[in-house]
Amino acid sequence: MSRVFSGVQPTGNIHIGNYLGALRQFVDLQDGSECIYCIVDMHAITVPQDPKELKKHILDVAALYMAIGVDPKKSIVFVQSDVKQHAELGWILNCNTYMGELSRMTQYKQKKQKSENPSVGLFDYPVLMASDILLYDTDVVPVGNDQKQHIELARDIAIRVNGKYGKTFVVPEGRFMKSGARVMSLDDPTSKMSKSNPNEKSRICLLDEPGKVKKAIMSATTDSEGVIRYSIKEKPGISNLLDIYSAFSGKSVAKIVKEYEGHGYGDFKKDLVEVVNTSLDPIRARFEEIRNSKELVEALKDGAEKASEIAERTMKRVKSNMGLGL
Ligand code: TYM
């Protein structure tokens with residue numbers, strides 16, 4: 001059985017990009033694989049966080065995992081900082097990663113520009129991510145397209161360590177969706193939908209009320225051609241909305257384009273509001289129930305215990321192969 005690992009940062013409201021690119025894969029995978037899903041709070045602190053907000057967001061993300069269908073009886077769900085081996089392995093991997101490799105990471109370059117005084121942690125983010133993945137002998141990492149470079153680095157580090165110290169790590173593979181792997185901003189469809197965009201109408205969050213979803217979609221940037229057709233280059237706004245429609249409805253883009261022949265953007269957007277809200281309704285309802293339940297914290301504690309056992313086995317192997325400790 002293959003081992004799956006992925007994580008989400010508790011840094012704000014989870015949006016449909018996170019869901020369509022990564023989270024919905026978590027549910028699809030949990031019946032045929034051994035799945036481990038993490039709330040990566042130590043990644044969150046690579047940029048400043050308010051402690052109270054962080055704690056709230058950790059539980060929000062955990063409840064959302066379960067609201068979309070991650071079942072803690074089938075999958076291990078836990079908070080990264082509750083398993084100390086992530087940081088421990090992170091240091092060891094630091095010593096097997098080159099400054100040049102991290103300097104080339106595009107996400108670091110983008111985030112550095114937004115930060116007045118970037119932390120060492122922000123630079124080192126991809127190594128902690130490699131540690132998350134390699135700690136669990138992960139075969140498959142379900143993520144959005146923006147994580148491709150980070151997964152490549154995790155693979156390179158694994159191959160390097162295996163070459164230097166003998167077989168130590170499983171070399172992981174990324175898993176990307178055909179539609180939804182890169183959902184774009186609604187206000188600027190040439191940039192990725194993100195939690196940190198100051199314009200709230202740039203994204204749809206999983207817990208947004210139906211009215212807010214409607215406003216965001218109806219005001220999404222399109223073009224003046226008035227024809228519904230797919231061309232990322234010429235019509236990035238409509239193409240992004242077509243991708244979102246396709247990902248939520250399961251219909252192919254070609255079929256949707258055919259259905260809307262002769263229709264204007266208004267009709268298409270109204271129907272898209274319906275499609276998105278119908279998919280989000282049950283998530284919103286389950287979230288409220290789970291977020292306030294005792295079981296949520298119990299599931300996370302149980303998950304951390306199970307994850308620690310696997311992590312400790314890996315650490316023993318790593319230390320032994322590298323000649324560390326007594
Ligand atoms: P985060 O929290 O930024 O994003 C969580 C997941 O959502 C995907 N994603 C998107 N997919 C499609 N369209 C978008 N606009 C979009 N925005 C975000 C991300 O690709 C991600 O899969 N570095 C990770 C967190 C992490 C991790 C790991 C993931 C830390 N350790 C180990 C996998 C394995 C991240 O970007 O989180």
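The values are calculated or read from the model by the stated rules, or taken from the named source; none is laboratory data. All figures in this text were calculated on a predicted structure; none of them were measured in a lab. Cβ placement follows ideal geometry from the backbone for every residue including glycine, while neighbour counts extend to all protein chains displayed. Areas reflect the complete protein model, heavy atoms only, side chains present, ligands, DNA and RNA absent. Shrake-Rupley method; radii C 1.70, N 1.55, O 1.52, S 1.80 Å.
Only Cα pairs under 8 Å and at least 6 apart count here; give the relative contact order of the chain as a rounded whole percent.
Across the chain, relative contact order equals 23 percent.
Hey, got the Cα dimensions of segment 200-287 along the principal axes, in Å, largest first?
38, 25, 21
In degrees, nearest 10, range 0 to 90: what is the angle between the Cα axis of helix 51-68 and the longest Cα principal axis of the chain?
70
Could you list which residues have their amide H under 5 Å from that of C35, counting only those 5 or more apart in sequence or on another chain, with H placed in the peptide plane?
Correct list: V4, I76.
Once phi is turned into ³J(HN,Hα) by the Karplus curve 6.51 cos²θ - 1.76 cosθ + 1.60 with θ = phi - 60°, what whole-Hz value does each residue of segment 221-231 show in order, with x for glycine and proline?
Calculated HN-Hα couplings, in order: 5, 10, 8, 9, 6, x, 10, 8, 8, 9, 7 Hz.
Which order do peptides 245-254, 64-73 fall in by mean Cβ count within 10 Å, highest first?
64-73, 245-254
Among DSSP bridges having both ends in the chain, what percentage is antiparallel? Round to the nearest 5.
Once the DSSP bridges in the chain are tallied, antiparallel ones form about 10 percent.
Exceeding 20 Å between C-alpha atoms, which entries from my cross-link table qualify? They are K111/K192; K164/K319; K56/K114; K201/K270; K235/K269; K55/K109.
K56/K114; K55/K109
Place +1 on the Cβ of every Lys and Arg and -1 on the Cβ of every Asp and Glu in segment 200-287, take the dipole about the Cα centre, and give the residue among S252, T222, L207 whose Cα lies farthest towards its positive end.
Projecting each Cα onto the dipole axis, the largest value belongs to L207.
Quick one: net charge around L54, please, counting Lys, Arg +1 and Asp, Glu -1 for every other residue with C-beta under 15 Å from its C-beta.
-1
Largest first, what is the accessible-area ranking of M129, M99 with a 1.4 Å probe?
I get M99, M129, largest accessible area first.
Ignoring everything but the protein chains, give the 1.4 Å probe accessible area of E312 in square angstrom, nearest 10.
E312 has an accessible surface of roughly 70 Å² with all protein chains in place.
In sequence order, what are the phi-derived ³J(HN,Hα) couplings for segment 122-130 according to the Karplus relation 6.51 cos²θ - 1.76 cosθ + 1.60 with θ = phi - 60°, rounded to whole Hz, with x for glycine and proline?
Karplus-based 3J(HN,Hα) across segment 122-130 equals 5, 5, 8, 2, x, 6, 5, 5, 4 Hz.
Normalising by the residue count of segment 200-287, find the relative contact order in percent from Cα pairs under 8 Å and 6+ residues apart.
Value for segment 200-287: 33 percent.
Which value, in Å² and to the nearest 10, is the accessible area of R286 when all protein chains are kept and the probe is 1.4 Å?
Answer for R286: close to 100 Å² accessible.
For segment 91-137 and segment 1-53, compute the distance between their C-alpha centroids and round to whole Å.
About 18 Å separates the Cα centre of segment 91-137 from the one of segment 1-53.
What net charge do the residues around E261 carry, taking every other residue with its C-beta under 13 Å from that of E261, with Lys and Arg at +1 and Asp and Glu at -1?
+1
With the chain treated as a Gaussian network of Cα nodes joined by springs under 10 Å, which of K269, K215, K255 yields the largest mean-square fluctuation?
K255
Volume per residue, Å³, of the convex hull around the alpha-carbon atoms of segment 1-160?
It is 111 Å³ per residue.
Using the Cα centre as the reference, give the magnitude of the dipole from point charges on the C-beta atoms of segment 200-287 (Lys, Arg: +1; Asp, Glu: -1; all else neutral), rounded to the nearest 20 debye.
180
Place a label point 7 angstrom from the Cα of D156 along the Cα-to-Cβ direction, then list the residues of segment 90-110 whose backbone nitrogen is under 11 Å away.
From segment 90-110, the list is 97-106.
Each residue of segment 170-181 in turn: what ³J(HN,Hα) in whole Hz from Karplus with 6.51, -1.76, 1.60 and θ = phi - 60°, glycine and Pro shown as x?
So the J values, rounded to whole Hz, are 6, 8, x, 10, x, 10, 10, 6, 6, 10, x, 5.
Would you please give the residues with an amide H less than 5 Å from that of G7, counting only those at least 5 places away or on a separate chain, with H modeled from the backbone geometry?
The answer is C38.
Check which residues have an amide H placed less than 5 Å from R175's amide H, if you skip close sequence neighbours.
Those lying under 5 Å, H to H, from R175 are V141, V143.
Among F123, F176, F26, what's the order by accessible area (1.4 angstrom probe), most exposed first?
F176, F123, F26
Would you mind pulling out the separation of the Cα centroids of segment 218-285 and segment 178-210, in Å?
Cα centroid of segment 218-285 versus Cα centroid of segment 178-210: 14 Å apart.
If one takes the longest principal axis of the Cα atoms in the chain, at what angle in degrees, from 0 to 90 and to the nearest 10, does the Cα axis of helix 265-291 lie?
40
If each DSSP helix of 4+ residues adds -39,500 (n - 2.57) and the sum is divided by the residues in the chain, what number results at 222 nm, nearest 500 deg cm²/dmol?
Helix-only estimate at 222 nm: -16500 deg cm²/dmol.
Towards the positive end of the charge dipole of the chain, with charges on Cβ (+1 Lys, Arg; -1 Asp, Glu), say which of V297, H263, L153 has the farthest Cα.
The residue sitting most towards the positive pole is L153.
Evaluate the distance, in nm, between pseudo-label points positioned 7 Å from the Cα of M218 and of E305 along their respective Cα→Cβ axes.
Distance between the two pseudo-spin positions: 5.1 nm.
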